[in-house]
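Report on the following structure.
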Amino acid sequence: MNIFFALIIPTFAGFLLTSLLLKKEDSGIVEKLALGYGLGLGMLSMQIFFMGLLAIGFRFLPMLAGQLIIIALLIYLNLRYGRMSCVSVISSTSFAPGSCACSFSLPGGSKAAKLVAGLALIWIILKCLFVLYEDFTRPLFAVDTWSNWAAGAKFFYYEGSMLLDPESEHYFGRDYRLFMGHPLHTVFLQLWQALWLGSFHEVLVKSWSAFYFIAFLIVFYFTVKRESGSFRALLWTLFVSTAPLLVYHGTEGLADLPLTYYSFLSVAFMWRYIKTERGGLLIVSGVFAGMAVFTKNEGLLVFTTLLFTLVVFTLVRGRAKSEKAYAFVRFILPFVIVAGPWLLFKFLGDFGFGHSGAGSEMAWLSDPTYAEGTRTGLHIEVIPIGLWEIFVDKANFNLTIPFWLVLSVIGLREWISSEIKYLYLIIIMIVGAFFFIYLTLEVTAVTEATGIHRNALLYLPIIAFASAMVLEKLLSNVGDKSS
């Protein structure tokens, strides 16, 4: 039971924050809980980070007290400034798009459609149960988990602090944390679980992972549902849930699935802003972009891509300068509040973004993980290998990416002439940034066919969402012609 309380408490805090941030939106309790799960765990890991900076010991009671203080503050802010009341939460009784439910009905008009929806829902539930079973029965096993994320969590757990004494030979986990410059979100989640368990349990310290999988599917469903309706949203969620790599990451304590969750939501809320121009959505997008950076270094690609997309959008729309500036502030300021402390700490500590123990080395045109004596320069050979691994090999991603390519050709006119072009801009920039890194730094991420797959997990749901939007446009055009 301790494990579930360890997740319920931060989720409740995240739910309260979500209710405050989205008080003018149509999100219901189910969606808010899925959003709150990621936001709550994000607030938790940031709390632990600040406790480490302030030399407050990593002990159970101080951490729990911090969570309870955050919850009390958020309840006060919701009651004073939000739309929440005890009565409104208890009396919510519908699973409709803007609410949550005591009643439920399958989407689809005909009996055949309802049958398909029912089978899809059963499959998704079975997939979630499989991920939960694997996550709660199999110990930590991935090399990266052991060498970095779990190793860092173990060090902090037994040390009882971040050990920021510069005189210590193991300063900030040196020699235990393989990549000193890697963010700490999932490290702190394992630490939090271990404190609740009273020991570093090799299986249960990663129990948060399966719930990231479930929360991601929920937020993906609601994101598509706003554009395509519940029936097609359920089918798209089924499609995404079958991606083998996504399922695998739901069972392991790696940082890639949380990164995917935060990155997708940052893009999703930017998309909603582009569609509606409601400024509050930019704030939420900035928060999730900040959490992506605190989860893994690749989150910076998401932030810079979205910032550039916002620049292009404001230029195309031709808004007043003051209006443009306000939009940038709404996106950048939340990002800085969330990611700024970690980035500043990393800069001052010279931890950088590299692979070495010091963490600061980034040898351009030379992969530091390559064997000694390997030639330097642009490694053009990664291009055909990388394109094959991402766009042709279906072992990790099912048919999501090939299907997107086909739809992109068929619906070329539709996505170029609509807001969907901004989703394509985001996808092209992120994929392009990764390939630039492969060409200049991370050659082995492609040639050894490991890192490239995990990187693709970041943009896989964005591609699936873009596909859903293109297909919606095509179906809409067919409906218009038939009518």
Under 17 Å from the F141 label point (7 Å along Cα→beta-carbon), backbone N, the stretch 247-276 = 247-255
Computed on Cα atoms, Rg of the stretch 175-324 relative to 2.2 N^0.38 Å comes out at 1.20
Within the chain, which complete DSSP H helices have Cα atoms spanning at least 24 Å along the helix axis and a mean Kyte-Doolittle hydropathy of 0.5 or higher?
-> 2-21, 29-53, 60-81, 111-137, 208-228, 299-317, 321-348, 420-440, 451-482
Once every DSSP H run of n ≥ 4 in the chain is given -39500 (n - 2.57) and the sum is divided by its residues, what mean residue ellipticity at 222 nm do you get, rounded to the nearest 500 deg cm²/dmol?
-> -22500 deg cm²/dmol
Between the stretch 414-441 and the stretch 1-75, how many Å separate their Cα centres?
-> 33
Normalised contact order of the chain, rounded percent, pairs of Cα under 8 Å and 6 or more residues apart = 15
Among 269-276, 156-163, 118-125, 199-206, the order from most to least packed when residues are scored by Cβ within 10 Å on average | 269-276, 199-206, 156-163, 118-125
Taking the stretch 269-349, the whole-percent share of alpha-carbon pairs separated by over 22 angstrom is 23
Scaled to the compact-protein estimate 2.2 N^0.38 Å, what is the alpha-carbon radius of gyration of the chain, rounded to two decimal places?
-> 0.96
Using θ = phi - 60° and the Karplus curve 6.51 cos²θ - 1.76 cosθ + 1.60, what whole-Hz ³J(HN,Hα) does each residue of the stretch 167-173 get, with Gly and Pro shown as x?
-> 7, 6, 5, 10, 3, 6, x
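Here, each number is a calculation from the coordinates, and none is a lab measurement. Keep in mind it's a predicted model, so treat the numbers as computed, not measured. In this analysis, Cβ positions are derived from the backbone assuming ideal geometry, glycine residues included, and neighbour counts consider all displayed protein chains.
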